[in-house]
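Report on one structure; see the data block that follows.
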Amino acid sequence: MVTSEGIERLVRPDLASLGGYTPSKAPESIAGELGLRVEDIIKLDDNENPYGCSPRVQQALGDCNYLYTYPDAGQTELRRQLQEYIGVDASRIVADNGSDQLIDNVLRLFIEPGDEVINCVPTFDIFRVRALIYGGRLVNVPRDEDFAVDASAVKRAISKKTKMIVLANPNNPTGTPTPQKDILELVDTGVPVLADEAYVEFSGETVTPLATKYKNLMVLRTFSKWAGLAGLRIGYGVFPPKIAEYLMKLKLPYNVSVAARVAVRETIKDIDYLMVRVKAIVAERERLFGELNKLGWLKPFPSQANFIFCHVLKGKASEIQKACQDRGILIRYFDLPLLQNSLRISVGKPEHTDALIKALKEAGKK
Ligand SMILES: Cc1ncc(COP(=O)(O)O)c(C=O)c1O
């Protein structure tokens, strides 16, 4: 008989020892530690939209009388609105509680213990963590020194056990785009390809329309970044119709909240307003790149997303991150085998760039 005592003995050993995803630290706790107000924290660590969501969303959420009801499990209206936005038939679209959840569901749908998942590293760590949870074996294909995907190396890594190739485009944390011809080279192998386009509104390069042409191409997108809705958790994907059907069965029934659905509806009515802000972020990205470069001790990499990855040429990334944090500016640092001594900085408003550069100059003097 199993007793409640010591039930941790019964936990899957592979999950007990799993190295999980490292999320950012909550700004509330950092503000508390620094004795600052949360509003004074400059948050450049999670690639959010510093301008926030459309004011239409704020208004509609305040006016929404249906928060006491469950959302439509079939996502009928939501999928129709997404169809309007991306121009792909609703039967191919599935929405979920952030694109993270779709990564999880797609891997759950395909990966059985021992199946191989090709991952173009360094990249978004959720692919690794979720593939391992389903017993997948990761086959890591390193990107080149500029973080470009080596399509030939990916093809050479394909074996009889390969179930999927996962690819963030542009890549996180490096901001590197993968040209469409390279993605199609991978799609042409016939292996299922999961193209994660979380930052596509900033890059303008998408394979979404091609997902209707190729039976093995799946594309994920999100409202977290461009639409300023990370807190409401809405991601979606475009799939072959049968895969969309399976994902609709696999997802939890009420997976996208009523509030998130209201937000999507109002966002899609306000695309022009939001795209002006996306353009401002893209322009600011280029200014930030120039400012980081001018420091002389950082090597920023060109980015097609709303963040910039930098190697630290002099000093320690962890200390620079801490020095910025002490000044209320949150950025990410990495010190991993494939991401040595480096920083990832989200693009903020112009005043955020100014405050960041000032903090970096002070940190660099030490
Ligand atoms: C490449 C990539 N995919 C997916 C996500 C997750 O986005 P969501 O907020 O939709 O779960 C992120 C977030 O950082 C990301 O960088």
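Values in this text are rule-based calculations from the coordinates and carry no lab data. Just so it is clear, the structure is predicted and the values come from calculations on it, not from any experiment. A quick note on method: Cβ atoms are made from the backbone with ideal geometry, for glycine too, and the neighbour counts reach across all protein chains shown.
Descriptive notes on the structure:
- FRET efficiency for the Arg137 to Ala26 pair, using the beta carbon distance and R₀ = 25 Å, is estimated at 0.15.
- Average Cα contact separation per residue, the chain, under 8 Å, 6 or more apart, as relative contact order %: 22 percent
- Ranked by the mean number of other Cβ atoms within 10 Å per residue, highest first, peptides 162-175, 186-199, 48-61 order as 162-175, 186-199, 48-61.
- Whole-number percent relative contact order across the stretch 141-270, with pairs defined as alpha carbons under 8 Å at least 6 apart: 17 percent
- Expected 222 nm ellipticity per residue - DSSP helices of 4 or more, -39500 (n - 2.57), all of the chain, to 500: -11500 deg cm²/dmol
- A crude spin-label estimate for the pair Gln58 and Val11, with each label 7 Å from Cα along the Cβ direction, gives 4.2 nm.
- By the rule of a C-alpha distance below 20 Å, with chain neighbours fewer than 8 residues away ignored, the lysines paired with Lys160 are Lys215.
- A simple rule links phi to the HN-Hα coupling: the Karplus curve 6.51 cos²θ - 1.76 cosθ + 1.60 with θ = phi - 60°, which for the stretch 344-349 gives 10, 10, 6, 7, x, 6 Hz, with x for Gly and Pro.
- Square roots of five times the Cα gyration tensor eigenvalues for the stretch 79-148, Å: 27, 17, 10
- When Trp297, Trp226 are sorted by how many other C-beta atoms sit within 10 angstrom of their C-beta, beginning with the fewest, the order is Trp297, Trp226.
- For Arg137, distant residues with modelled amide H under 5 Å away: Gly114, Asp115, Glu116, Val117
- Rh by Kirkwood over Cα pairs, then Stokes-Einstein D for the stretch 30-189 at 1.567 mPa s and 4 °C, µm²/s: 68 µm²/s
- Entry for the stretch 190-280 at q = 0.13, 0.20, 0.21, 0.23 Å⁻¹: log10 I(q)/I(0) = -0.50, -1.08, -1.15, -1.25, Debye formula applied to identical alpha-carbon scatterers, no solvent contribution.
- Of the DSSP H helices in the chain, those with a Cα length along their own long axis of 18 Å or more and a mean Kyte-Doolittle hydropathy reaching -0.5 comprise 271-295.
- Estimated dipole of the chain in Debye, rounded to 20 [Cβ of Lys and Arg +1, of Asp and Glu -1, Cα centre]: 400 debye
- Overall form of the stretch 42-92 per C-alpha gyration tensor (a/c, 1.5; a/b vs b/c): oblate
- Between the alpha-carbon centres of the stretch 1-66 and the stretch 74-146 there is a gap of 20 Å.
- For the pair the stretch 220-274 / the stretch 301-340, the C-alpha centres are spaced 30 Å from each other.
- Looking at the stretch 140-254, the DSSP beta bridges with both ends there are about 35 percent antiparallel.
- Our summary gives the stretch 181-236 a relative contact order of 32 percent, counting only alpha carbon pairs under 8 angstrom and 6 or more residues apart.
- The HN-Hα couplings worked out from phi for the stretch 164-173 by the Karplus form 6.51 cos²θ - 1.76 cosθ + 1.60 (θ = phi - 60°) are 7, 10, 10, 8, 8, 9, x, 6, 10, x Hz, whole numbers, x standing for Gly and Pro.
- Stokes-Einstein diffusion for the stretch 293-366, with the hydrodynamic radius set to the Kirkwood value over Cα pairs and evaluated at 20 °C in a medium of 1.002 mPa s, equals 174 µm²/s.
- Legend: distances between Cα atoms for Lys155/Lys349; Lys25/Lys163; Lys43/Lys294; Lys251/Lys349; pairs beyond 31 Å are Lys155/Lys349; Lys25/Lys163; Lys251/Lys349.
- Given charges at Cβ of Lys, Arg, Asp, Glu: the chain dipole, positive-most of Ile308, Gly237, Leu336: Leu336
- DSSP beta bridges in the chain [antiparallel fraction, %, rounded to 5]: 50 percent
- Whole-Å semi-axes of the stretch 227-266's equivalent ellipsoid (Cα gyration tensor): 22, 12, 8
- One compactness figure for the stretch 1-98 is 1.70, namely its Cα radius of gyration divided by 2.2 N^0.38 Å.
- In terms of overall dimensions, the chain has a Cα radius of gyration and Dmax of 21.0, 67 angstrom.
- Hz values of 3J(HN,Hα) by residue in the stretch 113-124 - Karplus curve (6.51, -1.76, 1.60), Gly and Pro given as x: x, x, 5, 9, 10, 8, 10, 8, 8, x, 7, 4
- With 21 Å as the limit on Cα-Cα distance, the pairs of Lys314/Lys358; Lys322/Lys358; Lys279/Lys299; Lys322/Lys365; Lys181/Lys213; Lys322/Lys361 that go past it are Lys279/Lys299.
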